[in-house]
1. If the cut-off is a Cα-Cα distance under 29 Å, which lysines reach A:LYS151, setting aside same-chain residues fewer than 8 apart in sequence?
2. Which of A:MET320, A:MET229, A:MET143 has the fewest other C-beta atoms within 10 Å, and how do the rest follow up to the most?
3. With θ set to phi - 60°, apply the Karplus curve 6.51 cos²θ - 1.76 cosθ + 1.60 along the stretch B:78-90 and write out the HN-Hα couplings as whole Hz, x wherever there is a Gly or Pro.
4. Within 10 Å of each residue's Cβ, count the other Cβ atoms and sort B:ILE84, B:ILE5 from fewest upward.
5. Express in nm, to one decimal, how much length is gained between A:ARG23 and A:ALA170 on full extension, taking 0.36 nm for each residue of separation and deducting their alpha carbon distance.
6. Using a 10 angstrom Cβ neighbour count of at most 14 plus a DSSP loop assignment to flag exposed GluC sites (Glu not before Pro), which longest range of chain A is free of such sites?
7. Would you mind giving the mean number of other chain beta-carbons within 10 Å of the Cβ of each residue in B:85-91, as a whole number?
8. What's the FRET efficiency of B:ALA47 with B:LYS89 using the Cβ-Cβ distance as r and R₀ = 30 Å, to the nearest 0.05?
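Laboratory data are not the source of any read-out in this text; all were calculated from the coordinates shown. Note that the structure is predicted; figures quoted are calculated from it, not measured. Note that each Cβ is placed from the backbone with ideal geometry, even for glycine, and that neighbours are counted across all protein chains shown.
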Amino acid sequence: MTGPLIEDLLRELAPQVLGVLVRRHGQFDDCEDAVQEAVLAAAVQWPAEGVPRNPRGWLLTVATRRLIDQLRSDRARREREEATAHEVVPEEVPDTDDTLLLLFLCCHPTLTAASQTALTLRAVGGLTTAEIARAFLVPEATMAARISRAKQRIRAAGSSFAPPAGAERAERLRVVLQVLYLIFNEGYTASSGSRLHRPDLAREAIRLTRAVHAQLPADGEVTGLLALMLLTHARRAARTTPQGDLVPLAEQDRGRWDREMLDEGTGLAKASLGAPELGPYQVQAAIAATHADAPTAAQTDWRQVQALYLILERIAPNPMVTLNRAVALAETAGPRAGLDLLAGLAADPRLAGHHRLLSVRAHLLERAGEPAAAYEDYRRAARATASLAEQRYLERRAGRVRPAG
Amino acid sequence: MKFVISLHINPAVLDALTDEEKAAIGAGHGAFIEELKASGELILTQALVDPSQAAVVTVRGGQPVVTDGPFLEAKEFLGGFYLIDCEDKERAIELAARIPDAAIQGLGVEVRQVMFSDGQLEA
């Protein structure tokens, strides 16, 4: 087995081994350290000496020994830990839903979203601190400090490995999905910087969401989120020019969309609508599926998109949703109708001066035959964004409607 | 999200401070840096030499021309910066408010988001 294959194997096994350790010993932070060390040892030994017959058992044994070494320094615990050290390690790690439990733990409500994301990628995604630091463009030391703080905070909060129950469980699952979506979005559209995509992060988010979906296939929102990610990710190749410039949905070469991924996403989106309750991810997936269904931008079923945004506005009201509905409305009822809807949004402090509001208004003004006003909004939108790719796109649009003289 | 918190100093204001006040600013920055490291929000910080040590470089007719002194005819100059990685702009502002300079008339603290990065951190 070669290096990259071993890396994939380790990424897959690390969370499973961590799950067993935490289940057996509690103390997430110590267990996590022990698993990281075992993975490190495997990454050094396996390429040289070959992958052991039972890699999971090997990792579990080494991690357990590391953990016991750590715990031994605590004299009060010595006796009990001696006994554990002599325990025979089972050949196979039991096949339980540890991934979900780990996700629940990493998405602990006492952590900030940034820490939840980092911890999820390390403990469940199996990414190293260096990889996570690279993905978020921060030094390794910065990311290491953040992860270790997060682990301390989980410990201080007295977390047990018991899965949350009832309403708390539903609430925690909501946070888990939000963190996975956050990871996906950071990979899909980096919030700032020169590169528009960080496909590794998007792929990792899809992989983790698949794992959750495998355990909760009947949950409409989990299915909806996976569908939304696949439908969005399928457009990746068509979203940018070779120079890295942004290509809007209407101008994308749909032949470059990943058909297989779209079909899978569309299937999941449809399946998710059968769930007893309807949530925002399901509706967003349905919108993305409507776009995927259209062979050309002109053939998009805008009435359906507009109707779906109305539903989304009702179940998850948010000015950004209304903004998107204005785009759909403009397609069915003309740019004036869209602009009227935007007029009501301008006063919302969450959107005032936001580059999305400015750029949508600029588009609609351009279509309504008001190039001078469109030019002003394109320029203001370009100044307000923190993404270089978006700024270039908006400046180019502004150049097309620049008033003479 | 990454932000630069830039520190704009007025050398005359700094000179007018007592030794105790100067020491308090230094200690305040030290504590601030430790806190940022512990929270994982510090990327790096750099302090710049006094603006009187600056050189302005221009190229005229293909020839470089170097003159002493800062570029701006201003009272306040860039004294240094913090490059941080934090949750959002509100958090960056909250952090900036903890910098001792922010409490002193004549010293300015400015927060702006980073739009493009290259170099070691992009590796």
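1. B:LYS2, B:LYS37, B:LYS89
2. Ranked by crowding around the Cβ, least crowded first: A:MET320, A:MET143, A:MET229.
3. So the J values, rounded to whole Hz, are 5, x, x, 7, 10, 10, 10, 10, 9, 4, 7, 5, 4.
4. B:ILE5, B:ILE84
5. Computed gain between A:ARG23 and A:ALA170 is 50.8 nm.
6. That would be A:93-276.
7. Across B:85-91, the average partner-chain Cβ count within 10 Å equals 3.
8. After rounding, the FRET efficiency stands at 0.80.
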